[in-house]
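No lab work stands behind these numbers, since they all come straight from the coordinates. What you see is a predicted model; the values in this text were computed from it and never measured. Note that we place each Cβ from the backbone using ideal geometry, even for glycine, and neighbour counts take in every protein chain shown.
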Amino acid sequence: MKLYLIQHGEAASEQVDPRRPLTAQGREDVRRVAALLKAARVKPALIYHSEKLRAKQTAEIIASALAAPELIRERKGLLPQDALNDLAQEISRSANDLMIVGHLPFLSKLATFLLLGKEEGNLVAFQQGGVVCLKRAEEQRWQVAWMVVPEILK
């Protein structure tokens, strides 16, 4: 199983728009990453995103590039300060590749928990619009398979 963890693209500040949609730069960064995911033939069974607009927009851009808009699902429990328990259990039971579009510090805690068994440590340096691919090896152990950030695709 592969787990793709994606931090939403750059969003407008609350002062500009309280809904915090993606900026033009955020959309462009996510498009570049999405094109790479398409070229790499990434095929998640589901694409989860939080209820925040910036995560939804990021998921929609990626799903469009992968020609898979039907895979998108809004999922509770992906907000910055949400607990990991429910999602971590779901991931441990799943055999299908999954993509999660969310926020920090949630994604960082999830990655660290899967890799080390604890939430503390900030093991992965997420960037807006970037993707981290974790791979579950035998015996439920997780490894970082690869990571891509928008700045290297410019």
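Within segment 82-121, which GluC sites (Glu not before Pro) sit in a loop by DSSP and count at most 14 neighbouring Cβ atoms inside 10 Å?
E120
Positive contributions from Lys and Arg (+1) and negative ones from Asp and Glu (-1), summed over other residues with Cβ under 9 Å from the Cβ of Q143, come out at +3.
Amide H contacts under 5 Å for L46: M99, restricted to partners 5 or more places along the chain or on a different chain, H placed in the peptide plane at 1.01 Å from N. Residues in segment 62-73 carry Karplus couplings, in order, of 5, 4, 4, 4, 8, 6, 9, x, 6, 8, 6, 9 Hz; the curve used is 6.51 cos²θ - 1.76 cosθ + 1.60 with θ = phi - 60°, and Gly or Pro positions show x. Between the Cα long axis of helix 24-39 and the first principal axis of the chain there is an angle of about 50°, rounded to the nearest 10. Normalise the Debye intensity by I(0) for segment 89-154, one equal point scatterer per Cα, no solvent, then take log10 at q = 0.15 Å⁻¹ and round to two decimals. Here the Debye-derived log intensity ratios amount to -0.48. Note on segment 1-147: Lys pairs 8 or more places apart or on different chains, Cα atoms under 15 Å apart, count 6.
In segment 1-109, what trypsin sites (Lys or Arg not before Pro) fall in a loop by DSSP, with at most 14 other Cβ atoms inside 10 Å? Those satisfying the criteria are R19, R41, K76. Calculated FRET efficiency, A95 to K154, Cβ-Cβ distance, R0 = 22 Å: about 0.05 to the nearest 0.05. Couplings 3J(HN,Hα) of segment 122-137, computed from phi: 6, 6, 10, 8, 5, 9, 4, x, x, 10, 10, 9, 9, 10, 8, 8 Hz, in residue order, whole Hz [Karplus 6.51 cos²θ - 1.76 cosθ + 1.60, θ = phi - 60°; x for Gly and Pro].
In the chain, helices alone account for a calculated mean residue ellipticity at 222 nm of -10000 deg cm²/dmol, with every DSSP H run of four or more residues adding -39,500 (n - 2.57). For segment 91-101, backbone phi angles converted through the Karplus equation (6.51, -1.76, 1.60; θ = phi - 60°) give residue-by-residue couplings of 4, 5, 8, 8, 10, 9, 4, 9, 10, 10, 9 Hz, Gly and Pro being listed as x.
Please compute, over every Cα-Cα pair in segment 19-154, the percentage with a separation greater than 21 angstrom. Result for the distance tail: 38 percent. For K43 and A145, the difference between the fully extended length at 0.36 nm per residue and the C-alpha to C-alpha distance is 35.2 nm.
Could you work out which residue, out of E70, E51, E28, moves most in a Gaussian network model of the chain, that is, has the largest mean-square fluctuation with Cα springs under 10 Å? Per the Cα network of the chain with a 10 Å cutoff, E70 tops the list.
Note on A137/Q15: beta-carbon distance plugged into 1/(1 + (r/R0)^6) with R0 of 35 Å gives a FRET efficiency of 0.20.
If you find the alpha carbon centre of segment 88-154 and of segment 33-68, how far apart are they in angstrom? Each part reduced to its Cα centre gives a spacing of 15 Å.
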